[in-house]
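Remarks on the structure that follows.
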Amino acid sequence: MTKADKTSNVGNSLPAPRAADALPFLFDDLDGFQARIAGRQIALFLDFDGTLTAIAERPELAKMSEEMRTAVRRAAARFQVSIISGRDRPDVEALVDLDNLIYAGSHGFDISHPHDHGQGAPYRETIQNIGEELYGALSSIDGVVIERKKLSVAVHYRLVAEKNVGKVNAVVEEITKKYPDIGLIAGKKVFEILPPVDWDKGKAVLWLLDRFGDNGDEVLPIYIGDDVTDEAAFKALSGKGIGIFVCGDDGRRETRADLKVRDVAEVGRLLALLAED
Ligand SMILES: [Mg+2]
């Protein structure tokens, strides 16, 4: 067991992940959900792509609707809202474009908080070098989109022809192999290269909760996300908060979320509901 597993494990027996198909839909038992949050001070954590916007063909085409922006703004007027994204922090800040939120970019490695946790910072140059190498090796393959971020690199292959996906795979593997312990995770049609540090979206959420002065009971953390990387946050909040999986048609995935919503529209509906509660 890694240190990561131990520190994010609340209590001794963490419930096993279950198939998303077996997860209840939040809106099927809205009364039950409202009873769970009644009288609690919420700390809301939101993923961006696939949660606040539909996933775009290319990351630069993602756009949040005005309705969603209004819903997030209203929620943030009532309680602390944090955006936890794989994107570069300035990028997700510009896309959400609201002032009174906390933004965590590069999967929580880069947080807009006066007390920077400093995780990953010593690897900034290494990450940049890997980004350049990947760019050099992959830019000739049609459809590859490489995001070089402050503390992570993303290689998107959503637009790559099926016959070339294996090649992308092989190049990513070959290059990252040269850097011992570097983090490599596979998301939805994307590879993410991360600093070799025991840190993820779940750690970032727990770190922020600490900064909010959470002593266990007062604050109710709610995390909404759709991607594999959000599982770290669902796990971190297991038994402590409420994880909500934006499932789309991803019913067979294993998840540690508590509840699910169907899509981005239902996330908007949920935010509106939380804001008026
Ligand atoms: Mg997402």
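Since every read-out is calculated from the coordinates, none of them should be taken as a lab result. No experiment lies behind these values; they were computed from the predicted model shown. FYI the Cβ positions are ideal-geometry reconstructions off the backbone, even for glycines, and counts take in every protein chain you see.
Sorting Phe27, Phe48 by the number of Cβ atoms found within 10 Å of their own Cβ, with the fewest placed first, yields Phe27, Phe48. The angle between the Cα long axis of helix 66-78 and the main principal axis of the chain comes to about 60°, on a 0 to 90 degree scale.
Count charges around Ala94 for me, please; just the other residues with Cβ under 15 Å from its Cβ, Lys/Arg as +1, Asp/Glu as -1.
Values: positive: Lys63, Arg69, Arg87, Arg89, Lys149, Lys150; negative: Asp49, Glu60, Asp88, Asp91, Glu93, Asp97, Asp99, Asp110, Glu147.
Once positives and negatives cancel, what remains is -3.
For the chain, the antiparallel share of DSSP beta bridges with both residues in that region comes to about 45%.
Note on Lys240: aspartates and glutamates with a C-alpha under 18 Å away, same-chain residues under 8 apart excluded, are Asp5, Asp200, Asp210, Asp214, Asp217, Glu218, Asp230, Glu231, Asp258. Over the chain, dividing the summed -39,500 (n - 2.57) contributions of all DSSP H runs of at least 4 residues by the number of residues returns a 222 nm mean residue ellipticity of -10500 deg cm²/dmol. Residues Thr53, Thr70, Thr229, ranked from the fewest to the most other C-beta atoms within 10 Å, line up as Thr70, Thr53, Thr229. With everything on Cα atoms, drop me the angle between helix 201-211 and the longest principal axis of the chain, reported from 0 to 90° to the nearest 10. The answer is roughly 50 degrees. For the stretch 190-277, trypsin sites (Lys or Arg not before Pro) meeting the loop criterion (DSSP other than H, G, I, E, B) and having at most 16 other Cβ atoms within 10 Å: Arg252, Arg262.
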